[in-house]
Amino acid sequence: MLNPRRLLVLREVLAAGSINAAARNLNYSPATISQHMTALARETGLVLFEKQGRGIVATDAARQLADQAAALLADFGRLERVVADLRGGDAEHLAIACFASASESWLPEVVRTVRRHRPNLTVEISLNEPVNGRGRRQPDLDIRTEPADGVELRLDGYRRHELTVEELLAVVPAGHRLAGAEQIALRDLEAEPWVDHDIYDSPIGRIMLSACRAAGFTPRYAARLDDHRAALRLVAAGIGVTVLPRLAVAELPDGLVAKPLVNPTVSRRIVVHARRDRRRGDLIARAVARLRASAHDTD
């Protein structure tokens, strides 16, 4: 079985560029680093480094091994945190996975509510869009986006609760030719350069791309990124237009306007999957109730 510590050392050597630099970063001796790499080569049966001049260089096999080890090491780190919690005895956590706009708009009150109930609770919040969640705790609450007219996803071990259905809005600079319209037809944006806030193809991006294709075109992107706040800044700078859920445009930067999108109207459904946990059922139920209230307040 591969030793996770040696895989971590391998990644450090590649990141630092040499065994000596990795030794300094890890507070090890160069001899210790070399021993780890020799043992890892023996465990894997791979040539990890080759001599070049007076030094060594990593092989392609070493780089591929380090890349593939990233997810494993993240999960191993999560397991170590679980062990630390169990060793601590009374440590308690509530893990919430969600997308950025929900984290900003809804979760402050959720955290306040559950900590009022259990003052020693630690709430861990991680993004499930666009990242895949490697290394985080298994979520107790998983807040997700679905197509409003799509299949209702259900997760094993969780109860599904619908929070809200919200429309997507077109966001354009205040001086744009469409800024004065009461609503904007999706096809009117066909010729515009687009700023895409979903470079990693998460559910909201797929919803929008499907709507554009139904309208007969594919967006022409001027910029693509993974942060809706940064996308709004690019639109404000005149780079292009964007389409975002209502929750993500609650606070527009100066110089932007958001208009209802029509022909078609594009919507998303927001749901939370709550872990079935009899021991902490009351805590999770309180969090879900607060989420429902927050979602209702933003409707």
For the stretch 224-244, what are the residues that are assigned to a loop (DSSP other than H, G, I, E, B) and small (Gly, Ala, Ser)? Ala237, Gly238, Gly240
Given the options Leu247, Leu252, name the one that is touching a strand residue (DSSP E or B) at 6+ places or on another chain (Cβ under 9 Å), of a type outside the set (D, E, K, R) and part of a loop (DSSP other than H, G, I, E, B). Leu252
Give the residues of the stretch 260-288 that are hydrophobic (A, V, I, L, M, F, W, C) and either in contact (Cβ under 8 Å) with a residue 60 or more places away in the chain or in contact with a Leu (Cβ under 8 Å, 6 or more places away or on another chain) (or both), sorted by residue number. Leu261, Val262, Val266, Ile270, Val271, Val272, Ala274, Leu283, Ile284, Ala287, Val288
Quick one: count up the residues across the stretch 137-162 that are in a strand (DSSP E or B) and surrounded by 14 or more Cβ atoms within 10 Å (Cβ to Cβ). 11
Within the stretch 260-285, tally of residues that are more than 24 Å from the chain's Cα centre (by Cα) and within 26 Å of Leu169 (Cβ to Cβ): 6
Could you identify the single residue in Ala23, Ala31, Ala15 that is of a type in the set (A, V, I, L, M), part of a helix (DSSP H, G or I) and over 34 Å from the mean Cα position of the chain (by Cα)? Ala31
Test for Phe76: is it surrounded by 13 or more Cβ atoms within 10 Å (Cβ to Cβ), modelled with pLDDT under 90 and not assigned by TED's automatic domain parsing to the domain that holds Arg159: yes
When only residues in the stretch 33-62 that are within 15 Å of Leu8 (Cβ to Cβ), of a type outside the set (A, V, I, L, M) and touching a residue at least 24 places away in the same chain (Cβ under 8 Å) count, which is surrounded by the most Cβ atoms within 10 Å (Cβ to Cβ)? His36
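Yes or no, residue by residue, for (1) within 23 Å of Pro203 (Cβ to Cβ); (2) hydrophobic (A, V, I, L, M, F, W, C):
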residue	(1), (2)
Ala223	yes, yes
Val241	yes, yes
Pro245	yes, no
Val266	yes, yes
Val272	yes, yes
Arg279	no, no
Any idea how many residues of the stretch 208-223 are aromatic (Phe, Trp, Tyr) and not in a loop (DSSP other than H, G, I, E, B)? 1
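The values are calculated or read from the model by the stated rules, or taken from the named source; none is laboratory data. Because the structure is predicted, anything quoted here is derived from the model rather than measured. Using ideal geometry, Cβ is built from the backbone for each residue, glycine included, and neighbour counts are taken over all protein chains shown.
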